[in-house]
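In what follows, a single structure is set out as structure tokens and then discussed.
The values are calculated or read from the model by the stated rules, or taken from the named source; none is laboratory data. These numbers were taken from a predicted model, which means no experiment stands behind them. Every residue, glycine among them, receives a Cβ derived from its backbone with ideal geometry; neighbour counts consider all protein chains shown. The area values use the complete protein model at the heavy-atom level, side chains included, leaving out ligands, DNA and RNA. Shrake-Rupley method; radii C 1.70, N 1.55, O 1.52, S 1.80 Å.
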Amino acid sequence: MQWVGRAIVVLMLSGSWWLGPSAARAQDVTSLPATWPGAAGREASATLSGGRGADQAAVTASVTELLQHGIERARVGDLAGAVEQFARALQLDPQSVEAYLGRGGARLRLGDAQGAVDDYTQALRLSPQEAGAYADRGFARARLGDLAGAVDDYTQALRLDPTLAEAYNNRGFAVLRLGDPAAALADFDRALQLNSSYVEALNNRGFARARLGDLQGAVQDYTQAITLAPTYATAYNNRGNARARLGDPRGAVEDYTQALRLNPSYPEAYSNRGLARVELGDWSGALDDYAQALQLDPGYVEAYVNRATARLRLRDYAGALDDFNQAVQRAPGLVAAYAGRGEARRQQGDLAGALDDLTLAVRLDPQAPEPYYRRGLVRLAQQDLTAALDDLTQAIRLNPDYADAYASRGVVRLQRGDAAGAIDDWSQVIRLTPSAAEAYNNRGVARVRQGDLTGAQADYTQALQLKPDYADAYVNRALARAEAGDWAGAADDYERALRLGPESADLYLGRGQAWLKLGEPARAVQDFTQALRLSPGHAEAYAGRGAARLRQGDVAGALDDLSQALRLNPQLERAYVHRGQARAAQGDPNGASEDFTQALQLNPASAEAYAGRGAARLALSQWQAALDDLSQAVRLNATNADAYSGRAFALLNLGQDQAALEDLAQALRLDPDNADAYASRGYVRTRLGDLQGALSDYTQALRRLPSNADVYQARGVLRARLNDPSGAADDLQRAVDLYLQQGNVAGYQRALDQLRRLRPDGASASAGPAPTPAPPAPPAGPAAPPAPPPAGAPYGAPPPAGYAAPPPIAAPPPSAGPLPRR
């Protein structure tokens, strides 16, 4: 809850002998009456009713005696007796100005401000030039809340007597309460020109300066008042308020403590010290102070609100609700009490009750931004995004520098899909509070939504410079780095987030994906296993570990993990893709085809699933179906070299040699080190009669994969056709040796027969034409582990952290704020 300022406790004392009404709490009122009849009474009126001669003298003497008795009774605190004496004097002499003035003063001390106004009015009717009567009536009118009438009376008093310092002081205070601190300051200056030791005027001028933003000047005035009156507790309290606003809560606590030493029954000083202790993080001390204030004054509404606010910050929602209820009972029209209770109800999850309270607060004060802001948070929690946007926008209109409202509106706009608007709002937060790490983090999330990964990473980095232990910003930067292909950076950020703790299955999952992309499947398996330790039913972690095990060549382990992932979550499209790859590697093209089909039902735009099913269909000799699938794979991802190679094989088997040659050329443009593509193109070129081109391709394939017995066999046969029997014999002998090492009996026998035909009885020349080399085996699925998952973090990498929480912008929104100091 925003603070609207620290209210000032002002105690006005008249310059006369009148001590003023006693009050446990100093009130924001003008000075007490400055005029009273003298000790001997004023001279009796020349015309008295009812008597002449000796009788008149006797009446005059009686009136004088009654006036004296009234003054004496007022001196000893018998105000009712004083009123009685002045009334008896008026019965004898209804024209006695002194009796009206005396009774007016006594009535004022008794709290009968209206009776005092009536008496002062009668006195002025009888004596219109009585400056003191105007001043005293102004004081009584101020008590009644008639500040404009009070100002008029003080002005009349000063017209009649420009030397009345008290009238300047009191008019200044009335003008201040009417909202014109500049005019009030001029009156306090004039009062101090007339009386430089006027302590109350110094105190009040400090208040006016504080209202005008001159806090240093206010401190100077309060300090001068304290110098003149070292026991002036009110000045210590007020200087504490100014110091608190200057960002010196420790100095403020010292001043409030001194005020309480001088006046232990000062509830406002306790409440104000509680506010300062909150700023210092001394929650226990703050609660003690609020309790003391309420013990001294059980009706102190502001102390209930401030204690409720502290309890909100301490998450004592039940206690906060009790205090706000007390405040509402005592002040049914107090906006801060309804707004605070609405916040307490929101924190407890009572969104309907919160909405009722905040709507009432809005009705009570449509110009207060805080209730709109709080209601916007409630509507955001209810997912009423349109109404939330309206409320937060209204709060910003009423307070264009309302950082929390901008932060929360950014959340709403992002949820509505307005990333640009969210960026604008969080930029405003950064302008208003440049140290707000959460605002940089949230703006980064919005920039990711716009595809601005560079800008997002810059924002996350700035957030981390401001708040090095900001785990959410590390996670979000990891996600942005992963999307940008910086997997090493992503792994490092996940590592930093894990160091900050606590352990999270999602963090291990994200880092495992990074290790998989970096070609470190063993480390990926470790991270996915840690994720499963923390969350045994985590389908994405099983899927990730299955993909990593497939990369390690542990096909059986991969199948177990991927099958478990799909039992837990049958909607994991990538798990079907990887299980299809594992089944292909296991020699089960039918099972692989089924898995790829399931993946395509979940994601009809999966290029990888089309490529995998196409390869499985090649292994099943389903040439046209394979061609269709691989063509779809190429259409969806024109950079997939393996899809072009596979489609070439399908085209070759369908008799479209030239088209096959074009696809293989494209595969090699995309992947110049693709040994299989070179081998396949060598075979196609052989079929088309380009024997030298075929020889070159086979040689390129063997440079990249020297353990491929099939290619040695094909090149050996080709060399025989090119009349290079020696080279042919060497290649066929190498094929025989490799087949033998690999346990490929059929290949070994075939290559050995060809070698014997080439060198019968040890001869070095072939007898008859050499056979055409056998075509390469179809890519029915990766015999080696497949490539790691793409940059899209397929297995449930952590969502952007912190962006949807109301502000600070990643942190919860601030609780309802305290009421101002008085």
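About its Cα centre, what dipole magnitude does the stretch 544-682 give when the only charges are +1 on Lys and Arg Cβ and -1 on Asp and Glu Cβ, stated in debye to the nearest 20? List each step's numbers first, then the result.
Numbers: 13 positive and 17 negative charges, 53 e Å.
About 260 debye.
If you stretched the chain out fully between Asn325 and Thr393, how much longer would it get, using 0.36 nm times the residue separation minus the C-alpha to C-alpha distance? Write down the numbers at each step before the final one.
Numbers: separation 68, 0.36 × 68 = 24.48 nm, distance 2.89 nm.
Roughly 21.6 nm would be gained on extension.
Quantify, in whole percent, the carbon and sulfur part of the accessible surface of the stretch 635-686 (1.4 Å probe; protein heavy atoms only). If you can, show how the numbers build up before the last one.
Working: 880 of 2160 Å².
Solvent-exposed carbon and sulfur of the stretch 635-686 make up 41 percent of the total.
Provide the gained length on full extension for the span Ala318 to Ser196, in nm with one decimal, where the gain is 0.36 nm per separating residue minus the Cα-Cα distance.
Numbers: separation 122, 0.36 × 122 = 43.92 nm, distance 5.18 nm.
In short, 38.7 nm is gained.
Assuming a ≥ b ≥ c are the square roots of the Cα gyration tensor eigenvalues, decide whether the stretch 331-380 counts as rounded (a/c under 1.5), prolate (otherwise, with a/b larger than b/c) or oblate.
Note, shape of the stretch 331-380 comes out oblate.
Once you place label points 7 Å from the Cα toward the Cβ at Asp401 and Ala148, how far apart are they in nm?
For the pair Asp401/Ala148, the computed spacing is 3.2 nm.
How high is the FRET efficiency between Gln571 and Arg635 when r is their beta carbon distance and R₀ equals 22 Å, given to the nearest 0.05? Before the final figure, lay out the partial values.
Details: r = 25 Å, r/R0 = 1.13.
So, using R0 = 22 Å, E works out to roughly 0.35.
Where does the charge balance sit around Gln428 when Lys and Arg score +1, Asp and Glu -1, over other residues with C-beta under 15 Å from its C-beta? Before the final figure, lay out each step's value.
Numbers: positive: Arg397, Arg409, Arg413, Arg431, Arg443; negative: Asp401, Asp404, Asp418, Asp424, Asp425, Glu438, Asp459.
That sum, taken over residues with Cβ under 15 Å, equals -2.
Can you tell which of Gly417, Gly376, Leu389 lies farthest toward the positive end of the dipole of the stretch 277-428, using +1 and -1 charges on the Cβ of basic and acidic side chains (Lys, Arg; Asp, Glu)?
Gly417
Using only Cα atoms, locate the centre of the stretch 717-759 and the centre of the stretch 200-279, then give the distance between them in Å, rounded to an integer.
102
I'd like the carbon and sulfur percentage of the solvent accessible area for the stretch 121-278, probe radius 1.4 Å, heavy atoms only, ligands and nucleic acids excluded. Provide the component values of the computation, followed by the final result.
Values: 2690 of 5950 Å².
Carbon and sulfur together cover 45 percent of it.
Starting from the 7 Å offset along Cα-to-Cβ, what nm value, one decimal, do you get for the label separation of Leu432 and Arg704?
5.9
How would you order 427-437, 591-601 from highest to lowest mean count of nearby Cβ atoms within 10 Å? Intermediate values should be presented prior to the final figure.
Numbers: 427-437: 18.6, 591-601: 21.5.
Ranked from most to least packed, the peptides come out as 591-601, 427-437.
In the chain, with Lys and Arg counted as +1 and Asp and Glu as -1 at Cβ, which of these residues, Ala87, Ala157, Ala167, has the Cα nearest the positive end of the dipole, that is, farthest along it?
Comparing the listed Cα positions along the dipole, Ala167 ranks first.
Measure off 7 Å from each Cα along the Cα-to-Cβ vector at Asp657 and Arg756, then give the distance between these two points in nanometres to one decimal.
3.1
Give a residue-ordered list of calculated ³J(HN,Hα) values for the stretch 75-88 (Karplus: 6.51 cos²θ - 1.76 cosθ + 1.60, θ = phi - 60°; whole Hz; x for Gly, Pro).
4, 8, x, 8, 5, 5, x, 5, 4, 4, 5, 5, 5, 5
Along the charge dipole of the chain, Cβ charges K/R +1 and D/E -1, which of Leu738, Thr639, Leu287 sits furthest on the positive end?
Farthest towards the positive pole: Leu738.
From the phi of every residue in the stretch 123-139, what ³J(HN,Hα) in whole Hz does the Karplus formula 6.51 cos²θ - 1.76 cosθ + 1.60 yield, where θ is phi - 60° and glycine or proline is x?
Once θ is set to phi - 60°, the couplings for the stretch 123-139 become 4, 6, 5, 7, 9, x, 9, 7, 4, x, 5, 4, 4, 5, 5, x, 4 Hz.
Across the stretch 500-507, in residue order, what do the Karplus-derived ³J(HN,Hα) couplings come to in whole Hz, using 6.51 cos²θ - 1.76 cosθ + 1.60 with θ = phi - 60° and x for Gly and Pro?
6, x, x, 4, 9, 4, 5, 5
Measuring with a 1.4 Å probe in the full set of protein chains, what accessible area per residue, in whole Å², belongs to the stretch 439-543?
On the way: 4100 Å² over 105 residues.
Roughly 39 Å² per residue, with all protein chains present.
What is the sum of charges, Lys and Arg at +1 and Asp and Glu at -1, for the other residues whose Cβ falls under 10 Å from the Cβ of Ala344?
Working: positive: Arg311, Arg341, Arg345, Arg346; negative: Asp316, Asp322, Asp323, Glu343, Asp350, Asp357.
Residues near Ala344 contribute -2 overall.
List the trypsin sites (Lys or Arg not before Pro) within the stretch 282-341 that fall in a DSSP loop (any state other than H, G, I, E or B) and whose Cβ has at most 16 other Cβ atoms within 10 Å.
Sparse-neighbourhood loop trypsin sites (Lys or Arg not before Pro): Arg315.
Just check the stretch 234-279 against the gyration tensor rule for me: Cα atoms, a ≥ b ≥ c as the square roots of the eigenvalues, rounded for a/c under 1.5, and otherwise prolate or oblate depending on whether a/b exceeds b/c. Working shown, then result.
Details: a/c = 2.07, a/b = 1.54, b/c = 1.35.
Verdict is prolate for the stretch 234-279.
Determine the gain in length on full extension of the stretch Leu602-Ala87; use 0.36 nm per residue of separation and subtract their C-alpha separation, reporting nm with one decimal.
Values: separation 515, 0.36 × 515 = 185.40 nm, distance 9.78 nm.
Taking Leu602 through Ala87 to full extension adds about 175.6 nm, to one decimal.
How many Å² of accessible area per residue for the stretch 215-350, probe 1.4 Å? Walk me through the numbers before you get to the answer.
Working: 5310 Å² over 136 residues.
On a per-residue basis, 39 Å².
How big is the chain in terms of Cα radius of gyration and Dmax, in angstroms?
45.9, 176
Taking K and R as +1 and D and E as -1, what net charge do the other residues with C-beta under 10 Å from the C-beta of Asp730 add up to? List each step's numbers first, then the result.
Details: positive: Arg715, Arg719, Arg734; negative: Asp724, Asp731.
Around Asp730, the charge tally is +1.
Let me know the shape class of the stretch 185-276, please: from the alpha-carbon gyration tensor, a ≥ b ≥ c as square roots of the eigenvalues, rounded when a/c is under 1.5, otherwise prolate if a/b is greater than b/c, or oblate.
Values: a/c = 2.37, a/b = 1.46, b/c = 1.63.
Note, shape of the stretch 185-276 comes out oblate.
Only Cα pairs under 8 Å and at least 6 apart count here; give the relative contact order of the chain as a rounded whole percent. Can you show the working numbers first?
Working: 1473 pairs, mean separation 75.1, N = 822.
Across the chain, relative contact order equals 9 percent.
For the peptides 128-136, 712-720, what is the packing order when you average, over each peptide's residues, the other Cβ atoms within 10 Å and list the highest mean first? Can you show the working numbers first?
On the way: 128-136: 22.7, 712-720: 26.0.
Peptide ranking by packing, descending: 712-720, 128-136.
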